[in-house]
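Quick notes on the structure that follows.
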Amino acid sequence: MSTPTLTAAPALRFHPLRDSVTMLRRNLKRMLRYPSMTVLLIGMPVIFLLLFVYVFGGTMGAGLGGSAADGRAAYANYLTPGILLMTVMSTVQGTAISIAMDMTEGIITRFRTMHIARVSVLTGHVIGSLIQAMLAVAVVTGVALLVGFDPTADLLGWLATAGFVAAVSFAFIWLAVALGQASGTVETASNAPMPLILLPFLSSGFVPTESLPAGIRWFAEYQPFTPIIETMRALLAGNPPGNDLWISLGWCAVIALGGYLWSKRLFNRESKL
Amino acid sequence: MTSAITVTGLRKSFGDQVVLDNLDLTVAGGTVFSLLGANGAGKTTTVKILSTLLRPDAGDVRVAGHDVTRDADAVRAAIGVTGQFSAVDNLLTGEENLRLMADLHHLGRRDGRRKATELLEQFGLTDAGGKAVSTYSGGMRRRLDLAMTLVGSPQVIFLDEPTTGLDPRSRRDMWQIVRDLVAGGVTIFLTTQYLEEADELADRIAVLAGGRLVAEGTADELKRRIPGGHVRLRFAEQRSHDKAVRVLGQTAPDGDALALRVPSDGSVRSLKALIDQLEAHSLEVGELSVHTPDLDDVFLALTDDKVAIA
C-alpha cells in the first residue's frame, strides 16, 4: 500500500558547501556578539606569556645557557612557540564550549529536522574556530614580539608556520567538536579540554626535555605537543624542521580524522527523550 | 483526500519503559489534528518520531508520503517543527534568525530578505526584528520560533505544545496564526494538554494516555462518548411539564420546578426525534438547551481507569 504524496517530490539535493558558509556566518556573528569569550581565550595565553617572560624569564634564560642579562630575551624566544600552541588550545576550549552551548539550545534540534547537509552544522563551527584561532595566534604573536620574541624566519618561514598552525588548529578543533558534544553540559565542555591546555607544560614548550626527570622526559618526548612545538620553533627560527614536521602532521591527521569520525557519530545519534 | 500522516503499529521504548504502544493514526491533508494527553503520555515522543528526530522501534510511519526511517531527508524537506523549547538563536536578532532559515532553504538574498520582512510583519515582530532574541518575551520568542518554521513553506507543521506557558493574549494570537495557516492549506499536527485548545483548533482529536490512543474523533464525537449529555426543557406552565413527564418517560427533574432533563447524546437525529415527539403531543416548550459534557469531562473520563466509558 502506498500513500500518495501531497506534491510531486522535487529532486532532493544537498548543498554542503553553501550550508557550511551559512553556518560559518552564523558562528562568526555569534563570536562578534559574545566578544568576552574571545577576549578570555586570547587573554589566557597572553597572561602566561607575560608571567613566564617577566617573572621566570631571567632565571630560565640563564638556564638555557645565555648570560643573565640577555636571558629574558632568549627565554622569550624559546617560550613563544609553546605559548602559540597554548593559544590554539585555548581557542579549542572555546570551540568545545560553543558546541556544547549550541547542543543545549533548541536550535540544533531545529537543524536536525531540516533538510540541510547535516555536517554543515559542524563544519560551520570548525571553520569559524579556525579563523578565530588564526586571529588569536596573530594577536599573541604580536604581544610576543613586543616582549622580546625575535624570530629569524623569512617570509616563507612565516607562511609555513601559519600553514602549520592552521593544520594543528584544524585537527584539535575537530577533537573539541567531539568533546563539546560528548560533554552534555557547558560546564563539562569547558573542563574537558583542560588536558590540552596543560599538556604544553609536559613538553618542550617551557623547558628543554633534557632538563626533565626520566619518566616525564619520556612522556614529553613522545607526546604530540613536543614535535609540534619543535616544528614551530624551527620554522620561526628559519631552520628546517626535519622529522618533527612529519611526526606532527601524522599526529594531526590522526587527531583530525578521529575527532571528525567521533563528532559525526555523536551528531547522528538519536536525541534523548 | 490524501493523508498527510499515516502511522500504523508504532512502538517505541526507552529501555524497559514502553512509551508508545501500538499507535495507529491518520491525519488528512489540510486539517488540524490534535494529540491530547497529560505530561508523560508520549506526545513529544510521537512528534520526535514523526519529525525524524527519533527512530521508531516498530511500525510504519509515513509523513507527506515518505517513510520516516528510510526516507528521512524527503520527510525533512516537507515538514516544519516548532518544539516545546524554543529553537531560536538567542545571540542573533529576530531578522537574522529568519535570514538564517532563508539561507538554509537556499532562498536567494533578495527573496530571503523579503520573506523575513513579511514574516516579521505577519507575526507582529517588525519593531523587534533588529533586537537580539535574548531580549524577547516568551510570546515573542514563540512567534519567532513558528515564523522560522514557516520560512521553508512546509506542507506539514508539527507544533509541540505551542502555547504552554504563554499568557492568554499570546495564546489567542497563536491560535489565530494556526487558523490562518490551515486556511492556507497546510496540515497541522498539534500536541497540547489544553482541551480548550484542541476544541478551538482541531478537526480531529486523539487522546493519548500511557502510550496508547484511548479515543479518537471530532471534539463533538468525543463529548458524546461519555455519559452526562442531556437536553434541558423548560415549560411555560405546570400542566405541560407534567404531561411531558408522562409522555417522554425517561426524564429527570431539574433544579427548576418547570424544567426537565431528557438524556441525549446531543446529536441532531436525537434532537429531531425529541422535537417530533413534543410536537406530536402538542407540548409547548418555553426553552430548549442542549448540554454536552465539555472536553475536560471527556479527558478526565478517558484517562482515568476508574471511570467507565459508555
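The values are calculated or read from the model by the stated rules, or taken from the named source; none is laboratory data. The structure presented is a predicted model; accordingly, all values stated were derived computationally and were not measured. Reconstructed Cβ throughout: ideal geometry from the backbone, glycine too, with neighbour counts over all protein chains shown.
Among the residues in segment B:32-41, are any touching an Asp or Glu at 6+ places or on another chain (Cβ under 6 Å) and either modelled with pLDDT of 95 or more or buried (at least 23 other Cβ atoms within 10 Å of the Cβ) (or both)? For segment B:32-41, residues touching an Asp or Glu at 6+ places or on another chain (Cβ under 6 Å) and either modelled with pLDDT of 95 or more or buried (at least 23 other Cβ atoms within 10 Å of the Cβ) (or both): present.
Looking at the structure I just gave you, is B:LEU53 within 9 Å of chain A (Cβ to nearest Cβ) and either within 22 Å of B:GLN193 (Cβ to Cβ) or within 17 Å of the chain's Cα centre (by Cα) (or both)? If you could, list the steps in order and put the result at the bottom.
On the way: within 9 Å of chain A (Cβ to nearest Cβ): yes; either within 22 Å of B:GLN193 (Cβ to Cβ) or within 17 Å of the chain's Cα centre (by Cα) (or both): yes.
Yes, satisfied.
So that you can scan it fast, the table gives a plain yes or no per residue for (1) within 14 Å of chain B (Cβ to nearest Cβ); (2) in contact (Cβ under 8 Å) with a residue 24 or more places away in the chain; (3) closer than 19 Å to A:ALA162 by Cβ:
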| residue | (1), (2), (3) |
| --- | --- |
| A:LEU199 | no, yes, no |
| A:VAL207 | no, yes, no |
| A:GLU221 | no, no, no |
| A:ALA234 | no, no, yes |
| A:GLY238 | no, yes, yes |
| A:PRO241 | no, no, yes |
| A:LEU266 | no, yes, no |
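Selection within segment A:105-146: residues that are charged (D, E, K, R) and in contact with a Lys or Arg (Cβ under 9 Å, 6 or more places away or on another chain). The member of this set that is nearest to the other protein chains (Cβ to nearest Cβ) is A:ARG112. Here is the figure for segment B:62-83: residues that are within 7 Å of chain A (Cβ to nearest Cβ), farther than 12 Å from A:HIS115 by Cβ and assigned to a loop (DSSP other than H, G, I, E, B) total 2. Residue count for segment B:123-144, restricted to those that are under 18 Å from B:LEU100 (Cβ atoms) and under 22 Å from the mean Cα position of the chain (by Cα): 6.
In segment B:126-139, which residues are surrounded by fewer than 20 Cβ atoms within 10 Å (Cβ to Cβ) and of a type in the set (A, V, I, L, M, F, W, C)? So that I can check it myself, show each step before the final result.
Our first condition is that a residue be surrounded by fewer than 20 Cβ atoms within 10 Å (Cβ to Cβ); within segment B:126-139, this holds for B:126-127, B:129-132, B:134-135, B:137-139.
If the condition is that a residue be surrounded by fewer than 20 Cβ atoms within 10 Å (Cβ to Cβ) and of a type in the set (A, V, I, L, M, F, W, C), then B:ALA132 is the only one that fits.
With respect to A:ARG72, is the statement that it is among the basic types (Lys, Arg), within 18 Å of B:ASP89 (Cα to Cα) and in contact (Cβ under 8 Å) with a residue 60 or more places away in the chain true? Taking the combined requirement at face value, the residue does not satisfy it.
Listed here are the residues, each with its yes/no results for (1) buried (at least 19 other Cβ atoms within 10 Å of the Cβ); (2) of a type in the set (Lys, Arg); (3) touching a Phe, Trp or Tyr at 6+ places or on another chain (Cβ under 7 Å); (4) farther than 30 Å from B:SER13 by Cβ.
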residue: A:PHE201; (1), (2), (3), (4): no, no, no, yes
residue: A:GLY205; (1), (2), (3), (4): yes, no, yes, yes
residue: A:GLY215; (1), (2), (3), (4): no, no, no, yes
residue: A:MET232; (1), (2), (3), (4): yes, no, yes, yes
residue: A:ALA237; (1), (2), (3), (4): no, no, no, yes
residue: A:LEU249; (1), (2), (3), (4): no, no, no, yes
residue: A:GLY259; (1), (2), (3), (4): yes, no, yes, yes
residue: A:LYS264; (1), (2), (3), (4): no, yes, no, no
residue: A:ARG269; (1), (2), (3), (4): no, yes, no, no
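Can you say whether A:THR152 is in contact (Cβ under 8 Å) with a residue 40 or more places away in the chain and part of a helix (DSSP H, G or I), as far as the supplied structure shows? So A:THR152 fails the test.
If we keep just the residues of segment B:84-108 that are over 16 Å from A:ALA117 (Cα atoms), in a helix (DSSP H, G or I) and of a type outside the set (Gly, Ala, Ser), which is nearest to the other protein chains (Cβ to nearest Cβ)? Talk me through it step by step, then tell me what you get.
As a first pass, look at segment B:84-108 and keep what is over 16 Å from A:ALA117 (Cα atoms): B:84-99, B:108.
Next, only the ones that are in a helix (DSSP H, G or I) stay: B:94-99.
Going one step further and asking which of them are of a type outside the set (Gly, Ala, Ser), we end up with B:95-99.
On the way: B:GLU95: 12, B:GLU96: 7, B:ASN97: 9, B:LEU98: 13, B:ARG99: 9 Å.
Among those that are over 16 Å from A:ALA117 (Cα atoms), in a helix (DSSP H, G or I) and of a type outside the set (Gly, Ala, Ser), it is B:GLU96.
For segment B:150-253, the strands (runs of 3 or more DSSP E) that sit wholly inside it and include 2 or more residues that are over 30 Å from B:GLU284 (Cβ atoms) are B:156-160, B:187-192, B:204-209, B:212-217.
Among helices (runs of 4 or more DSSP H) entirely within segment A:166-273, having at least 1 residues that are among the hydroxyl-bearing types (Ser, Thr, Tyr) singles out A:186-191, A:214-222, A:225-236, A:243-268.
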